[in-house]
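**Student:** What follows is a single structure, and I will ask about it in a moment.
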Amino acid sequence: MQLLMEPHFGIFGSNELDDFVVRYKPPSELMERMFHFTSESMKSLKAKANKDNVNNDVIISSFQALAALIWRAIVRAYELAPNEVTNCHLAINVRKRLDPPLPDDYFGNALSNIMTSTTAGDLLSQSLGLAGTLLNESIKKYTDGAVVSDDHWAEAPYFIDLSTFSDLRSVRFGSSPRFEIYSNEFKGLGRPVAVRSGNGNKFVGKVNTYPGCEGGGSVDFEICLLPQQMAILESDPEFMDFVSLAI
């Protein structure tokens, strides 16, 4: 598929740019907050998630524990009915999941999305460890076969309309705490003080992940919600108990 070499984008079934390009604008009332988790807080959260986990064959990672905590908190903020299905989407690096694996310095797009689903009732009525286990199992299942099965996009390419993401049921994680953002230095200006994102890729339930400014394994989460949902999130005791700073 020679996407960049096709001037009329005919491969998408249309010669008109406006037929498939949507000019997305985030909801005007959308709010965003930065929540900081220290390395000590993450260690405590990981320990709690694994203590709550009844499946001894599963070891929940620090990021899985954090994602589970945020998923549960946002679903509480959504105020979903117990029988409503909620989805948690994680961006995943597929370099080491292919057989043979791609090298670490492979420059192409080696990113995919995995979705974990359950009902709001099951997610919230049970422990943090259960949510972490669900995410852990979804990640483990995403092997070479799952990656290769995603090649159907090349047969029928399409663009995603971001306006469909604000379904008030889903949580979507983007970026990564492994990106060395704070190692950038622009023309002698020194180390960045803070990292933020623009508004072109934001919607209700979007969570951007960054390494913390002080390093050492700390993490910042930029969470986007509607005002009433953000108010619930900021007063959520389970969530805020592990937050070190909210901006």
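The values are calculated or read from the model by the stated rules, or taken from the named source; none is laboratory data. Bear in mind the structure is a predicted one, so any value in this text is a computation, not a measurement. Ideal geometry is used to build each Cβ from the backbone, glycine not excepted, and the neighbour counts take in all protein chains shown.
**Student:** Please find, within the stretch 75-93, the residue that is nearest to residue 169 (Cα to Cα) out of those that are within 15 Å of the chain's Cα centre (by Cα) and among the hydrophobic types (A, V, I, L, M, F, W, C).
**Tutor:** Among them, the one singled out is 75.
**Student:** If I ask for residues that are over 13 Å from residue 127 (Cα atoms) and in contact with a helix residue (DSSP H, G or I) (Cβ under 7 Å, 6 or more places away or on another chain), which ones from the stretch 47-59 would you list?
**Tutor:** Hits for the stretch 47-59 are 58, 59.
**Student:** Residue pairs, Cβ under 7 Å, 6 or more apart or interchain, first in the stretch 100-123 and over 15 Å from residue 89 (Cα atoms) and hydroxyl-bearing (Ser, Thr, Tyr), second outside any loop (DSSP other than H, G, I, E, B) and modelled with pLDDT of 85 or more. List them.
**Tutor:** These pairs meet every condition: 106/95.
**Student:** Now for a separate question. Since residue 109 meets every condition but one in (1) farther than 22 Å from residue 142 by Cα; (2) at pLDDT below 95; (3) of a type outside the set (A, V, I, L, M, F, W, C), which condition does it not meet?
**Tutor:** Here residue 109 meets the rest and fails (1).
**Student:** Now for a separate question. Could you list all residues from the stretch 150-175 that are of a type outside the set (Asp, Glu) and in a loop (DSSP other than H, G, I, E, B)?
**Tutor:** From the stretch 150-175, those of a type outside the set (Asp, Glu) are 152-154, 156-160, 162-166, 168-175; that's our starting set.
Passing the criteria: 156, 157, 158, 159, 160, 166, 168, 169.
**Student:** Return yes or no: is residue 76 over 24 Å from residue 231 (Cβ atoms) and in contact (Cβ under 8 Å) with a residue 12 or more places away in the chain? Explain how you work it out, then say what you get.
**Tutor:** Numbers: over 24 Å from residue 231 (Cβ atoms): no; in contact (Cβ under 8 Å) with a residue 12 or more places away in the chain: yes.
The answer is no for residue 76.
**Student:** Determine which member of the set 204, 195, 147 is in contact with a Ser or Thr (Cβ under 7 Å, 6 or more places away or on another chain), free of Cβ contacts under 8 Å to residues at least 60 places away in the same chain and either surrounded by 12 or more Cβ atoms within 10 Å (Cβ to Cβ) or assigned to a strand (DSSP E or B) (or both). Let's see the steps before the verdict.
**Tutor:** Numbers: 204 fails: free of Cβ contacts under 8 Å to residues at least 60 places away in the same chain; 195 fails: in contact with a Ser or Thr (Cβ under 7 Å, 6 or more places away or on another chain).
Result of the check over 204, 195, 147: 147.
**Student:** Any chance you could count how many residues in the stretch 226-247 are more than 23 Å from residue 42 (Cα to Cα) and crowded, with 17+ Cβ neighbours inside 10 Å?
**Tutor:** Number satisfying all stated conditions: 2.
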